[in-house]
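**Student:** Quick one: the structure is below, questions incoming.
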Amino acid sequence: QVQLVESGGGLVQSGGSLRLSCEASGFTFSSYAMMWYRQAPGKQRELVALITSGGRTNYADSVKDRFTISRDNAENRVYLQMNSLIPEDTAVYYCAASAGGRVDWGQGTQVTVSS
């Protein structure tokens, strides 16, 4: 079965950086689009970044030029490099895998940015 395990979250000051990692197992990782979502308290879950199986990327306007999504198909991992963090980036960040209309989720990792 699909398993997605996020790591790398934590507390960081405004302007700092964090790198999230998602370890995937139970499916053919290289064939799946991978995404990072986030959900702040009282808000809907939103798509932050996406990388297709072919390596194309797309970002939410709010994180463009600050966040970078990447994948390592040999290691079955997807990453989210987050730079120039601001308090509005505070949220639980979720890794997701998508193929054939199905989406599977990780358990999430908390990112807190202090001002």
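The values are calculated or read from the model by the stated rules, or taken from the named source; none is laboratory data. In this text, all values refer to a predicted model and were calculated from it rather than measured experimentally. Note that each Cβ is placed from the backbone with ideal geometry, even for glycine, and that neighbours are counted across all protein chains shown. These area figures cover heavy atoms from the full protein model, side chains too; ligands, DNA and RNA do not enter into them. Shrake-Rupley method; radii C 1.70, N 1.55, O 1.52, S 1.80 Å.
**Student:** Note down the accessible area of E46, probe 1.4 Å, to the nearest 10 Å².
**Tutor:** The accessible area comes out at roughly 70 Å².
**Student:** Which listed residue (P41, L80, S53) has the Cα farthest towards the positive end of the charge dipole for the stretch 37-92, taking +1 on Lys and Arg C-beta and -1 on Asp and Glu C-beta about the Cα centre?
**Tutor:** The listed residue farthest towards the positive side: S53.
**Student:** Counting only heavy atoms of the protein chains, get the accessible area per residue of the stretch 44-115 (1.4 Å probe) and round it to a whole Å² value. Display every interim value, and only then the final one.
**Tutor:** Values: 3790 Å² over 72 residues.
Ligands and nucleic acids excluded, the figure is 53 Å² per residue.
**Student:** Round to a whole number: what % of the accessible area of the chain belongs to carbon and sulfur, probe 1.4 Å? Walk me through the numbers before you get to the answer.
**Tutor:** Numbers: 2600 of 6030 Å².
Of the solvent-accessible surface of the chain, carbon and sulfur hold 43 percent.
**Student:** Quickly work out the D72-to-Q107 label distance, labels modelled 7 Å from Cα along the C-beta direction, and quote it in nm with one decimal.
**Tutor:** 2.2
**Student:** Sticking with this one: Per residue of the stretch 33-45, in order, report the coupling 6.51 cos²θ - 1.76 cosθ + 1.60 (Karplus, θ = phi - 60°) as ³J(HN,Hα) in whole Hz, putting x for Gly and Pro.
**Tutor:** 6, 10, 9, 10, 10, 9, 9, 8, x, x, 10, 6, 5
**Student:** For R71, R45, write out the residues from largest to smallest accessible area, computed with a 1.4 angstrom probe and no ligands counted.
**Tutor:** Working: R71 45, R45 90 Å².
Largest to smallest exposure gives the sequence R45, R71.
**Student:** In what order, largest first, do D61, D104, D72, D89 sit by accessible area if the probe radius is 1.4 Å?
**Tutor:** Working: D61 125, D104 25, D72 50, D89 0 Å².
Sorted by accessible area, descending: D61, D72, D104, D89.
**Student:** Also, I was wondering about something else. With every protein chain left in place, what is the accessible area of R38 in Å² (1.4 Å probe, nearest 10)?
**Tutor:** Accessible surface of R38 is approximately 20 Å².
**Student:** Note the full-extension length gain between T28 and T52 as 0.36 nm times their separation in residues minus their Cα-Cα distance, in nm to one decimal. Could you put the intermediate results ahead of the total?
**Tutor:** Details: separation 24, 0.36 × 24 = 8.64 nm, distance 1.33 nm.
Contour length minus Cα-Cα distance gives 7.3 nm.
**Student:** Got a sec to turn the phi values of the stretch 71-86 into Karplus ³J(HN,Hα) couplings, 6.51 cos²θ - 1.76 cosθ + 1.60 with θ = phi - 60°, whole Hz, x for Gly and Pro?
**Tutor:** Per residue, the Karplus-derived 3J(HN,Hα) values read 9, 10, 5, 6, 9, 6, 10, 10, 10, 9, 8, 10, 10, 6, 5, 10 Hz.
**Student:** With all protein chains present, calculate the accessible area of V5 using a 1.4 Å probe and round the result to the nearest 10 Å².
**Tutor:** 80
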